[in-house]
1. Determine, yes or no, whether ILE170 is near the ligand (Cβ under 9 Å from one of its atoms), touching a Lys or Arg at 6+ places or on another chain (Cβ under 8 Å) and over 15 Å from VAL227 (Cβ atoms).
2. So PHE123 passes all but one of these: (1) farther than 30 Å from ALA253 by Cα; (2) touching a Ser or Thr at 6+ places or on another chain (Cβ under 8 Å). Which condition number does it fail?
3. Restricting to the stretch 185-201, what's the tally of residues that are among the basic types (Lys, Arg) and within 25 Å of the chain's Cα centre (by Cα)?
4. Name the residue that is farthest from the ligand (Cβ to nearest atom), counting only residues in the stretch 144-167 that are in contact (Cβ under 8 Å) with a residue 60 or more places away in the chain and under 25 Å from SER191 (Cα atoms).
5. Do any residues in the stretch 198-221 that are within 9 Å of VAL163 (Cβ to Cβ) have Cβ atoms under 9 Å from those of residues that are among the hydroxyl-bearing types (Ser, Thr, Tyr) and assigned to a strand (DSSP E or B), where the two are at least six apart or on different chains, and which pairs are they?
6. Can VAL51 be described as among the hydrophobic types (A, V, I, L, M, F, W, C), closer than 23 Å to GLY262 by Cβ and surrounded by 14 or more Cβ atoms within 10 Å (Cβ to Cβ)?
7. Tally up the residues in the stretch 71-114 that are of a type in the set (A, V, I, L, M), open to solvent by 20 Å² or more (accessible area, probe 1.4 Å) and free of Cβ contacts under 8 Å to residues at least 40 places away in the same chain, please.
8. Got at least one residue in the stretch 60-70 being surrounded by 13 or more Cβ atoms within 10 Å (Cβ to Cβ) and on the phi > 0 side of the Ramachandran plot?
Amino acid sequence: MSKAKIIDGKKLSNDIKKEVASQVAQLKLEGVSPGLAVVLVGDDPASQVYVRNKASACDAAGIYSKVINLPAHTKEHELLKVIQELNNDEIIHGILVQLPLPAHINSANIIQEINPNKDVDGFHINNVGLLTTGNPNMKPCTPYGVMKMLESEKVPVWGAEAVIVGASNIVGKPMALLLLAQGATVTICNSKTKDLSAHTSRADILVVATGRPNMVTGDMIKPGAVVIDVGINRMENNKLCGDVEFESASQVAGAITPVPGGVGPMTIAMLLTNTVEAAKRTL
Ligand code: NDP
C-alpha cells in the first residue's frame, strides 16, 4: 500500500486533451484546422506504437494528422526533402520526426531542417537556445508535461531543491531549464555522478530519466519528496516499469508518478498543445 499520493497523469492528460479539443474547435471556426505530420523511418515496433498513439490522440482532439512511413533504407537527403515539403505545406502546423532514426541518418541534420515554428518537439537548436535564455518558443513535450503535473499538484518550485537524474537533450537538460526558469535550485546527475544518493536524497523534487529500470530506490529519496518517474522500460514479462522502484519509493515520497499512467500520457497531451499553439500563430 502506497503512502505517497499517486499523481494521475492519465487524468490530467485527459483534462488537457479536452481543453485542446475545445481550442481546436474554436480555431476551426476562425478558419484554421490544426495539422500534425509525424514522420517514421523504418519499422521499429515500439516507434510504430508511439506513432499510432500520437495519430489517434490527434484524431480524438480534432487535429488533422498525417503519418509518413518511410522505409529503413531512406537516405538522409530524401528525408530532408520530405521535411522541406512539410515546412512548405500550409495545412501542417507541427512536424515530428520519430526518434531514433536509423544509424545512417544524422538526426541533428534532420531536426535542424524543421521550421522552428513547426518544431512541436522543441528540439531545433533555435528552440533549445530560446529555452536556455528563458524565452521558450516550443517546449519539449515530456519536460513540459512534468511542469504541468507539478503545477496541477501545486508543488512549490520556487526555491525548491530539484534533482534530475539523466541529462539527455530530450528530457534531462530541458527539464533542468524549465525548473530553473521557475526558480528551483537545480542539480543534473549523469552516469558519471560519484555519489548519486547524496544528490537524490536532498531533492524536494526528484525527476528520474535514465532508462535504467528501478534504479532509484526508496532509500535514495528524501521523505515527503515529489518523485517524477520519466522512465519507460519494457520488462521480460512484457510489463512496463519506470526508472524508480515504485514499491519502496512510494513508502517514502510525498507524491509519485506511476509507470504506466504517469508522465507518458502527458507527453502526448503536450504534443497536441504545442500543435495547437503552432496553429494559433498562423492566425
Ligand atoms: P538517454 O539514454 O538519452 O539518456 C539517459 C541519461 O541517463 C544520460 O544522461 C545518462 O548519463 C543518464 N544515466 C544513465 N545511467 C545512469 C546512472 N546509473 N546514474 C545516473 N545517470 C545515468 O535517455 P532518455 O532521456 O531519452 O530517456 C530516459 C528514459 O525516459 C527512458 O526510459 C525513456 O524510455 C524514457 N522516456 C520517456 C518519455 C515519456 O514520454 N514518458 C519520453 C522520453 C523518454 P550520461 O549522460 O552520462 O550517459
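1. no
2. The failed condition is (2).
3. Matching residues across the stretch 185-201 total 1.
4. Only one residue tops the list, namely TYR144.
5. From residues that are within 9 Å of VAL163 (Cβ to Cβ), the pairs are HIS199/THR187; ARG202/THR187; ALA203/THR187.
6. Yes.
7. Residues in the stretch 71-114 being of a type in the set (A, V, I, L, M), open to solvent by 20 Å² or more (accessible area, probe 1.4 Å) and free of Cβ contacts under 8 Å to residues at least 40 places away in the same chain: 5 in total.
8. yes
The values are calculated or read from the model by the stated rules, or taken from the named source; none is laboratory data. Treat the numbers as computed from the prediction; the structure is a model and nothing was measured. Every residue, glycine as well, gets a Cβ built from its backbone with ideal geometry; the counts of neighbours run over all protein chains shown. For the accessible areas, the whole protein counts, side chains as well, though only heavy atoms, and no ligand, DNA or RNA atoms are used. Shrake-Rupley method; radii C 1.70, N 1.55, O 1.52, S 1.80 Å.
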